[in-house]
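Below: one structure, written as structure tokens.
The values are calculated or read from the model by the stated rules, or taken from the named source; none is laboratory data. Computed from a predicted model, the values in this text were never measured in an experiment. Note that each Cβ is placed from the backbone with ideal geometry, even for glycine, and that neighbours are counted across all protein chains shown.
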Amino acid sequence: MKDDLSSIFHKSEFKELLAKYADMLDNHTSVYFEADEITLLAEFYASMGNIKASEEVVDYGLSLHPDNLDILIFKCHNLIAKGNTNDAQCILNTITDQNDYEVRLLQAELYLAQKRTQEADALLDQLYQDEKDIDTMLDIAHVYMDDHQKKKAHYWLEKAYSEAPENIGVLEEMASYHFSFGNPEEAVKLYNQLLDEAPYTLDFWHNLIRCYIRMYQSEKAMEAIDFAMAIDDTNLITWELKSNCLLLENEIDQALECLFYIEKHTTEKPYIQNIIMSIYFIVQDYQKVLEYSDKIIASGKLPYFEMASLYHKRGISHLRLENQSACKEDVEQGLAYDNHSSELYLLKGELHLDEKKLEDAQTAFHYGELFAEDEAEAAAYIGTAYFHNEYWEQALEYLRKEEELNPDIMHSNYYLMAYCYYRMKEEKLTFTYLVRGAVFSSSSLKKEEPVLSPFETDEHFYELAKDIFLKIKSGEINPMEYLNE
């Protein structure tokens, strides 16, 4: 949360710089930029999640300033972030002054990325011995924070705090530490302390808002947003945070209005359009999902790694709108970006079920499970797809699998399993699972939010389930003998 450059990115000087660079790209010309302008542009694109654009700026900058230390260091940071530590080391080795402070700090970061912890520790300790000041302690703490080494980061922050408890930089880094490692309550205290010293610093307000949102304290977040808006009601970071807060309160329309404002004024439209599209996807406004995905695809500026997810949302939307051929195209386009995307293979399986191609669906589902980060979620998706398409045996298999992977949801599936047995004409097992459903998830009988509920479409099954529930309640049925396998 430290080094938030959003305030710089909203200044007119930077907007002019960004427009100058964009014009150069549009006109396919070459324009001179100072080295610090290059790194600022690279920081901007990186902050937008557009790593490809950030790398392109850096490469262009090196064509102008091949030996510039700041640009070379930025390129190394990009390579480390991508896991290309060998390439980063090669570039680092080309830098003439290996004793430069920033070069040594970067070497320590590279050691950590290579899991060479002892060498990193020794280098950072020596760096402090050579430069015994507060900024060095903070830089070392920041390197450890980036490597998720909580204890070591805390050691250096405490050391800095003990020497300079009122130092703005120390307080800011300490607040960032607490937020990053899951203690937003402590971060709130520190950001309020910082705001007492610098009440017009938007970065502090933004980070305070992030803390309140993390703590689900939307009322306090909105109060902080009001203060930030009073300082600058055109700042797009504030508008985005306001949209996040409104989403927390499920105020979808108001949140979208904030995002529309950003879309109108930002230079990086695909970033915000992707957020808008994702909200429409969540609320199942599939026509709007398609509308915004068209805008993003036409721009050609969404980061490469996000394109597979975009095509997944687009494919789901086409399938829900009963356009199977368009869905199929989306799946193939998405897999071209990421052929290990679990969600795209799961969608492909669902599409095959819709086409009554069971074997093809099973193959796609196999890959969906193979690449899944969360096996239980994948099993739930597959079970739902089989259930909706009336493949009762397969649905039962995956409902059971979901229970094994996530026992906490076991009881919520009983009525679904009962319906599978009901449709398979397994009367005894239907009765058993209706009893279990009545005992453990009787609220489903209220027909409230009937996600995947058969009660809305099968009145006979609903009456049967209701009858068993009432008989258990009256004592006519003893449920105990049905609760164990």
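Just one of (1) closer than 27 Å to Met137 by Cβ; (2) aliphatic (A, V, I, L, M); (3) surrounded by 15 or more Cβ atoms within 10 Å (Cβ to Cβ) trips up Leu64, so point out which.
Among (1) closer than 27 Å to Met137 by Cβ; (2) aliphatic (A, V, I, L, M); (3) surrounded by 15 or more Cβ atoms within 10 Å (Cβ to Cβ), the lone unmet condition for Leu64 is (1).
Can we say Gln129 is assigned to a helix (DSSP H, G or I) and either acidic (Asp, Glu) or buried (at least 21 other Cβ atoms within 10 Å of the Cβ) (or both)?
Criteria not met by Gln129.
Just checking, does the range 243-250 include any residue being within 24 Å of the chain's Cα centre (by Cα), surrounded by fewer than 17 Cβ atoms within 10 Å (Cβ to Cβ), of a type in the set (D, E, K, R) and over 25 Å from Met174 (Cα atoms)?
For the range 243-250, residues within 24 Å of the chain's Cα centre (by Cα), surrounded by fewer than 17 Cβ atoms within 10 Å (Cβ to Cβ), of a type in the set (D, E, K, R) and over 25 Å from Met174 (Cα atoms): present.
If I go through the range 406-423 residue by residue, how many of them are surrounded by 15 or more Cβ atoms within 10 Å (Cβ to Cβ) and more than 21 Å from Ala465 (Cβ to Cβ)?
1
Quick check on my filter: what residues within the range 251-279 are assigned to a helix (DSSP H, G or I), farther than 27 Å from Glu219 by Cβ and hydroxyl-bearing (Ser, Thr, Tyr)?
Hit for the range 251-279 is Tyr271, nothing else.
Checking the conditions here, which among Asn93, Asn78, Asn99 is farther than 26 Å from Leu40 by Cβ and assigned to a helix (DSSP H, G or I)?
Asn93
Being modelled with pLDDT under 95, surrounded by fewer than 16 Cβ atoms within 10 Å (Cβ to Cβ) and under 27 Å from Glu329 (Cα atoms) is true for just one of Glu463, Glu448, Glu355. Which residue is that?
Glu355
Please determine whether any residue of the range 368-387 is assigned to a loop (DSSP other than H, G, I, E, B) and closer than 26 Å to Pro270 by Cα.
Within the range 368-387, none of the residues are assigned to a loop (DSSP other than H, G, I, E, B) and closer than 26 Å to Pro270 by Cα.
From the set of residues in the range 381-408 that are touching a residue at least 24 places away in the same chain (Cβ under 8 Å) and of a type in the set (A, V, I, L, M), which is farthest from Asp458 (Cα to Cα)?
Checked the range 381-408; the qualifying residue farthest from Asp458 (Cα to Cα) is Leu405.
Keeping to the range 388-401, report how many residues are part of a helix (DSSP H, G or I) and among the aromatic types (Phe, Trp, Tyr).
2
Which one of these is surrounded by fewer than 18 Cβ atoms within 10 Å (Cβ to Cβ) and not charged (D, E, K, R): Phe371, Phe365, Phe387?
On the way: Phe365 fails: surrounded by fewer than 18 Cβ atoms within 10 Å (Cβ to Cβ); Phe387 fails: surrounded by fewer than 18 Cβ atoms within 10 Å (Cβ to Cβ).
It is Phe371.
Here is a check on your reading of the model: is Ala224 closer than 24 Å to Asp135 by Cβ and buried (at least 19 other Cβ atoms within 10 Å of the Cβ)? Before the answer, list the steps.
Details: closer than 24 Å to Asp135 by Cβ: no; buried (at least 19 other Cβ atoms within 10 Å of the Cβ): yes.
The answer is no for Ala224.
Being touching a helix residue (DSSP H, G or I) at 6+ places or on another chain (Cβ under 8 Å) and either within 21 Å of Asp233 (Cβ to Cβ) or not in a helix (DSSP H, G or I) (or both) is the filter here; which residues of the range 280-289 pass it?
Passing the criteria: Val283, Gln284.
Does the range 315-346 hold any residues that are surrounded by fewer than 21 Cβ atoms within 10 Å (Cβ to Cβ) and in contact with a His (Cβ under 6 Å, 6 or more places away or on another chain), and which are they?
The one that is surrounded by fewer than 21 Cβ atoms within 10 Å (Cβ to Cβ) and in contact with a His (Cβ under 6 Å, 6 or more places away or on another chain): Ala326.
What is the one condition in (1) outside the structural domain of Lys473 (by TED's automatic domain parsing); (2) in contact with a Pro (Cβ under 8 Å, 6 or more places away or on another chain) that His388 does not satisfy?
Among (1) outside the structural domain of Lys473 (by TED's automatic domain parsing); (2) in contact with a Pro (Cβ under 8 Å, 6 or more places away or on another chain), His388 violates only (2).
Just to be sure, is Thr234 in contact with a Lys or Arg (Cβ under 9 Å, 6 or more places away or on another chain), surrounded by fewer than 19 Cβ atoms within 10 Å (Cβ to Cβ) and either outside any helix (DSSP H, G or I) or charged (D, E, K, R) (or both)? Let's see the steps before the verdict.
Details: in contact with a Lys or Arg (Cβ under 9 Å, 6 or more places away or on another chain): no; surrounded by fewer than 19 Cβ atoms within 10 Å (Cβ to Cβ): yes; either outside any helix (DSSP H, G or I) or charged (D, E, K, R) (or both): yes.
Here the answer is no, as Thr234 does not meet what is asked.
In the range 145-187, how many residues are surrounded by 14 or more Cβ atoms within 10 Å (Cβ to Cβ), among the acidic types (Asp, Glu) and in a loop (DSSP other than H, G, I, E, B)?
Number of matching residues: 1.
From Ser278, Ser325, which residue is within 28 Å of Leu18 (Cβ to Cβ) and either modelled with pLDDT of 95 or more or of a type in the set (Val, Ile, Thr) (or both)?
Ser278
Go through the range 294-314 residue by residue and tally those that are touching a Leu at 6+ places or on another chain (Cβ under 8 Å), surrounded by 17 or more Cβ atoms within 10 Å (Cβ to Cβ) and at pLDDT 90 or above.
Residues flagged as touching a Leu at 6+ places or on another chain (Cβ under 8 Å), surrounded by 17 or more Cβ atoms within 10 Å (Cβ to Cβ) and at pLDDT 90 or above within the range 294-314 amount to 6.
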